[in-house]
Amino acid sequence: MPDTARTALISNDIVVLGLIAATLGLVFWTSAQQTGFWKKFYTFVPALLLCYFIPGIYNTIGLVDGNNTKLYNPVASRVLLPAALVLLTLTIDLKGVLKLGPKLLLMYAVSSLSVMLGAVVAFVVMREVHPETVAGDTWGGMAALAGSWIGGGANMLAMKEIFQVDATTFGQFAVVDVGVGYVWMAALIFMASRAQAIDARSGADVSGIEELKRRIEDFRAQHERVASLTDLAMIIGIAFGVVGLAHAVAGPLSAWFGANVSWARTVSLHEPFFWVVAVSTFAGLALSFTRARELEGAGASKIGSLLLYFLIACIGLQMDILALLDKPWLFALGIIWIAVHIAILWGVGRLLKVPLFYFAIGSQSNIGGPASAPVVASAFHPSLAPVGALLGTLGYATGTGLAYLVGITLRSLAGASPA
């Protein structure tokens with residue numbers, strides 16, 4: 001991977017923050033143009049896609065150092081993400097989500113299983129095609145990546161500790177995670193802009209999604225108003241107040257579960273970030289049953305979406321488009337792996353005739369987790385972001401256990417002995 005730490009032109013995080021803010025402003029200003037070149041350009045290129053790739057270009061060319069900036073961690077992932085989850089779940093119509101039916105949960109389950117199967121297929125295929133790629137402790141790196149692709153970053157780190165994955169191997173698979181996983185996320189965002197046409201060709205039943213969107217839009221129309229300073233103060237106060245509470249309880253809760261519950265590590269209950277995400281999500285859900293939901297009329301979900309756009313830009317900052325050229329065969333392994341996942345999930349989706357949204361959010365809630373599943377969901381419609389948040393959070397509970405099964409299976413295939 002290129003070393004940008006010594007060559008980055010901009011190393012001040014405040015300057016980087018300004019650059020990201022200006023970039024987002026420029027993207028959304030140009031996307032709002034109703035005539036001329038930009039109107040045609042955004043017909044083919046979703047604005048959200050640029051919010052991801054332009055920061056990636058900044059990192060690739062050495063303008064910024066995305067690997068060392070603190071904008072993603074702790075600012076975006078630990079502060080903006082849970083705040084966005086609070087505001088997006090605050091406005092959720094939980095009854096409407098439940099009416100989406102069991103097919104959505106089935107797609108999520110199939111997504112997890114296809115990631116597990118994809119790991120085994122990729123390992124076996126690469127062992128025949130290019131054995132050096134899966135030599136040594138590659139199986140351990142794949143187990144860590146499985147943790148990320150089924151759950152999230154906390155699950156990936158859990159696999160690193162459980163299987164004692166070498167730091168270099170872990171770093172290589174972190175690159176695969178970004179290079180393959182986030183490119184797939186970009187593809188899903190691109191497809192989201194064409195969801196209506198794709199669903200029309202497949203004959204998918206989108207009535208449940210349309211009904212949910214209609215209910216949320218009706219609620220917004222009923223309560224919409226010009227936001228007052230009090231409204232904005234309440235929105236910010238609730239969002240970051242809950243984030244503060246989540247971080248305050250995350251440490252003690254994770255420590256207690258880690259010390260007193262034998263199976264806590266299996267479901268990541270010993271990870272503070274699990275509790276940050278869980279508390280933020282469920283606090284937002286609880287508030288959705290109170291008068292706080294009326295803050296949607298003052299733009300609560302719009303502010304939550306803005307926080308997500310900052311998050312996705314910060315994710316893009318970590319992407320080095322050229323990094324995988326150092327390990328092309330490892331990149332091939334990742335492509336085979338995710339191709340199996342996509343093929344199985346797409347096949348089941350076609351069989352069940354589910355909307356593209358079910359396919360996309362079933363995939364991204366696994367591959368991307370709670371950090372990016374709401375982003376993909378919001379690409380279909382801002383009101384659907386909470387569905388991504390809920391399913392993405394579910395991955396934290398299942399990711400470690402399922403990735404552990406992947407790890408011991410790959411270890412057996414590699415002929416390695418338990419540490």
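None of the figures in this text is laboratory data; all of them are computed from the coordinates on show. This one's a predicted model, so the numbers in the text were calculated from it and none came from an experiment. Every residue, glycine as well, gets a Cβ built from its backbone with ideal geometry; the counts of neighbours run over all protein chains shown.
Take every Cα pair under 8 Å whose residues are at least 6 apart in sequence, average their separation, divide by the length of the chain, and the relative contact order is 34 percent. For region 339-419, averaging the sequence separation of C-alpha pairs within contact (under 8 Å, six or more residues apart) and dividing by the residue count gives a relative contact order of 21 percent.
Quick one: putting +1 on the C-beta of Lys and Arg, -1 on the C-beta of Asp and Glu, what dipole do you get for the chain around its Cα centre, in Debye to the nearest 20? Computed about the Cα centre, the dipole is about 780 debye. What is the helix-to-structure angle for 81-90, meaning the angle in degrees between its Cα long axis and the longest Cα principal axis of the chain, kept from 0 to 90 and rounded to the nearest 10? In the chain, helix 81-90 runs at an angle near 50 degrees to the longest axis.
Going by alpha carbons, how many degrees (0 to 90, nearest 10) lie between the helix axis of 207-223 and the longest principal axis of the chain? The two axes meet at around 40 degrees. Cα centroid separation, region 236-255 to region 158-223: 26 Å.
Pick from S31, S254, S112: which is most flexible by mean-square fluctuation in a GNM of the chain where alpha carbon atoms under 10 Å apart are linked? So, out of S31, S254, S112, the one fluctuating most is S31. Just checking the listed ones, V243, V125, V375: in the Gaussian network model of the chain with Cα springs under 10 Å, the one fluctuating most is V125. Number of Lys-Lys pairs in the chain with C-alpha atoms under 26 Å apart and a separation of 8 or more places or on different chains: 17.
Annotation note: chymotrypsin sites (Phe, Trp or Tyr not before Pro) in region 16-97 located in DSSP loop regions with a Cβ neighbour count of at most 14 within 10 Å are absent.
Here's how it looks for V64: its modeled amide H is under 5 Å from those of L9, I10, N59, which are all 5 or more places away or on a different chain. Annotation for I335 and Q164: the two label points, set 7 Å from Cα along the Cα-Cβ direction, are 3.5 nm apart. I'd like the distance separating the alpha-carbon centroids of region 276-347 and region 9-60, in whole Å. Each part's Cα centre sits 18 Å from the other's. Measure nothing but the geometry: give the 0 to 90° angle between the long axis through the Cα atoms of 229-260 and the longest principal axis through the Cα atoms of the chain, rounded to 10°. So the helix axis and the longest Cα principal axis differ by about 30 degrees.
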